[in-house]
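The structure appears right after this line, and notes come after that.
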Amino acid sequence: MTAVIARSTGLEVLAPLVPADVAELLAMYERCSAETTYRRWHGHLRAFPTAYLAALVADSDEHIAVVARREGPIVGFASAGEVAPGVREIGILVEDRWQRRGVGRALLTSIMTMSAELGTRVIQAEVRTEEAGLVGLLRTFGSTSVRTSYGVVTAQVVLRA
Ligand SMILES: CC(C)(COP(=O)(O)OP(=O)(O)OC[C@H]1O[C@@H](n2cnc3c(N)ncnc32)[C@H](O)[C@@H]1OP(=O)(O)O)[C@@H](O)C(=O)NCCC(=O)NCCS
């Protein structure tokens with residue numbers, strides 16, 4: 001894992017996910033609505049997938065994650081797993097009551113920075129078509145191509161050098 005990225009914007013602190021965060025992360029997940037978790041996984045997954053969680057906290061650069069805190073508790077997290085050399089797929093989830101308040105943008109900025117530091121040049125994301133606003137946000141990080149299939153937009157961002 002790269003060095004801690006701690007950034008304060010108002011009440012917000014971003015840092016890499018560490019094993020001590022797991023209980024709090026699961027508590028945040030419990031607070032998310034079924035609609036929000038559906039949007040994250042494109043399916044109904046009320047329990048946080050354990051294999052994915054184990055990969056996130058393994059001390060490895062293969063799967064990295066960052067959490068956002070506001071006034072203490074975790075309110076969102078983003079992850080990026082290596083799917084091919086120089087290519088990572090990201091996932092992002094912000095607790096309902098903190099959405100549209102800049103947390104997602106801050107998380108994306110951190111995970112993109114961490115990924116670039118690890119040599120990633122291309123970021124992929126799969127978002128539901130209703131989430132197309134997020135694609136606009138992804139475009140701010142580099143040249144972005146999109147394809148849509150069965151209600152899912154796959155975006156590929158070539159990070160700026
Ligand atoms: C998608 C998600 C991570 C965005 O997080 P957020 O904290 O709400 O995002 P921000 O407040 O930082 O939004 C930044 C910008 O992204 C765009 N955006 C984010 N969510 C949007 C939405 N639902 N509709 C349209 N635009 C959206 C907007 O341009 C927004 O800027 P604005 O608020 O100034 O208009 C959050 O809604 C979420 O957790 N959704 C459920 C999980 C999910 O869909 N994950 C993506 C698939 S992995």
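The values are calculated or read from the model by the stated rules, or taken from the named source; none is laboratory data. Everything numeric in this text was worked out from a predicted model, so none of it was measured. We place every Cβ from the backbone using ideal geometry, glycine too, and count neighbours over all the protein chains shown.
Here are a few things to note about the model shown:
- Exclusive hit being exposed (fewer than 15 other Cβ atoms within 10 Å of the Cβ), at pLDDT 95 or above and on the phi < 0 side of the Ramachandran plot, set LEU45, LEU26, LEU11: LEU26
- Boolean, LEU56 is free of Cβ contacts under 8 Å to residues at least 40 places away in the same chain, under 17 Å from ALA15 (Cβ atoms) and not in a strand (DSSP E or B): yes
- Pairs where the first residue, in region 125-152, is touching a residue at least 24 places away in the same chain (Cβ under 8 Å) and the second is in a loop (DSSP other than H, G, I, E, B) and within 14 Å of the ligand (Cβ to nearest atom), C-beta under 9 Å, 6+ apart: GLU126/HIS42; VAL127/HIS42; ARG128/HIS42; ARG128/GLY151; THR129/GLY151; GLU130/GLY151; VAL152/HIS42
- Considering residues of region 116-128 that are within 9 Å of the ligand (Cβ to nearest atom) and among the aliphatic types (A, V, I, L, M) only, the residue surrounded by the fewest Cβ atoms within 10 Å (Cβ to Cβ): VAL127
- Out of GLU71, GLU131, GLU89, GLU95, one residue alone is at pLDDT below 95, of a type in the set (Asp, Glu) and within 10 Å of the ligand (Cβ to nearest atom). It is GLU131.
- The C-beta contact set for region 74-87 (first residue under 17 Å from ARG40 (Cα atoms), second residue of a type in the set (D, E, K, R) and assigned to a strand (DSSP E or B), distance under 8 angstrom, 6+ apart or interchain) comprises VAL75/ARG69; ALA80/ARG88; ALA80/GLU89; GLY81/ARG88; GLY81/GLU89.
- Count of region 140-161 residues which are basic (Lys, Arg) and within 14 Å of GLN124 (Cβ to Cβ): 1
- Residue check: GLY142 meets all listed conditions (1) more than 10 Å from the ligand (Cβ to nearest atom); (2) under 24 Å from GLY43 (Cα atoms) but one, namely (2).
- If you go through region 100-115 and keep only what is in contact (Cβ under 8 Å) with a residue 60 or more places away in the chain, near the ligand (Cβ under 9 Å from one of its atoms) and either under 18 Å from VAL153 (Cβ atoms) or not β-branched (Val, Ile, Thr) (or both), you end up with GLY102, ALA106, LEU107.
- Test: residue in region 101-112 that is at pLDDT 90 or above and over 13 Å from the mean Cα position of the chain (by Cα): no
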